[in-house]
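First up is the structure itself, then whatever we jot down about it.
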Amino acid sequence: MEKSSLTPSEREQVADIIVNAFEDKIHYVWIMTSDKAKAKRLIAKHFNEDQLIVVRDQGKIQGILSYESRDQPNFLPIPWQSFRQEFGFFPSLIRSLGYHIYKHSQSKAQARDWHIDLLAVHSQARGQGIGSQLLQKASQAAKADHKQQVILEVVNSNPRGKKFYEQNGFKTSDHQTIPRLFQPFTKAANFNSFYIMKKRV
């Protein structure tokens, strides 16, 4: 697992991969913007690289996996001040409040859990096994951290992703509907429920 510090350029690469992989969620749920440049700046500035696993090829980051645990609960803590800098005073209030409510509504990792927050591969590097490499590294890291299982969520509109996780040893443990408060936003992003999947390590 790569734990070396990322350069500013590499932080931008990570942000670029996340924004392009989760465009609808960023637009309607997480940051509520279609401005990719602003989203990339916020993500590049604030993600915790000590909660990140990367796969590189020819010196460039091609895939990322972020994780959270009870001891490290937030991979991407975006403060209100940064929202304000990008969007102005009043628009930032709505975005910041929505983002923090969304983060607090997510499944909370138990002491035994190692929670995969995001997994994404550069669009030009898909189909090369990078996603499976990242999951293997995640299982190894969770075991080294004395966790019993790796957990993740996959939305109901992503059957291909669900099948991918099943092929990598994950099993569905629950199917939950998005809280009503968030349904107008998540429906715009094309999902209204999610599967909780787990793998013993």
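The values are calculated or read from the model by the stated rules, or taken from the named source; none is laboratory data. Because the structure is a prediction, the values reported are computed rather than measured. Positions of Cβ are generated from backbone atoms using ideal geometry, with glycine treated the same way; all protein chains shown enter the neighbour counts. Ligands, DNA and RNA are excluded from the accessible area calculation, which covers all protein heavy atoms including side chains. Shrake-Rupley method; radii C 1.70, N 1.55, O 1.52, S 1.80 Å.
Checking each residue in segment 46-94 for being in contact (Cβ under 8 Å) with a residue 40 or more places away in the chain, within 18 Å of I116 (Cα to Cα) and of a type in the set (D, E, K, R) picks out E49, D50, E68, R70.
Within segment 29-41, identify whether any single residue is touching a Leu at 6+ places or on another chain (Cβ under 8 Å) and either basic (K, R) or touching a residue at least 40 places away in the same chain (Cβ under 8 Å) (or both), and answer yes or no.
Yes, some residue in segment 29-41 is touching a Leu at 6+ places or on another chain (Cβ under 8 Å) and either basic (K, R) or touching a residue at least 40 places away in the same chain (Cβ under 8 Å) (or both).
Every residue, every condition in (1) under 16 Å from the mean Cα position of the chain (by Cα); (2) surrounded by 15 or more Cβ atoms within 10 Å (Cβ to Cβ); (3) assigned to a helix (DSSP H, G or I), yes or no:
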residue	(1), (2), (3)
I94	no, no, yes
G98	no, yes, yes
A111	no, no, no
H115	yes, yes, no
A120	yes, yes, no
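In summary, S9 fulfils each of the numbered conditions (1) of a type outside the set (D, E); (2) touching a residue at least 12 places away in the same chain (Cβ under 8 Å); (3) in a helix (DSSP H, G or I) with the single exception of condition (2).
In the condition set (1) on the phi < 0 side of the Ramachandran plot; (2) modelled with pLDDT under 95; (3) open to solvent by 30 Å² or more (accessible area, probe 1.4 Å), E86 is compliant with all but (2). Among the residues of segment 160-193, those that are open to solvent by less than 30 Å² (accessible area, probe 1.4 Å) and not in a helix (DSSP H, G or I) comprise F170, I178, A189, F191, S193.
Residues in segment 138-159 that are within 19 Å of W114 (Cα to Cα), open to solvent by 50 Å² or more (accessible area, probe 1.4 Å) and more than 15 Å from the chain's Cα centre (by Cα): Q140, K143, A144, D145, H146, Q148. Is there a residue in segment 43-52 that is crowded, with 20+ Cβ neighbours inside 10 Å and assigned to a helix (DSSP H, G or I)? Checking segment 43-52: at least one residue is crowded, with 20+ Cβ neighbours inside 10 Å and assigned to a helix (DSSP H, G or I).
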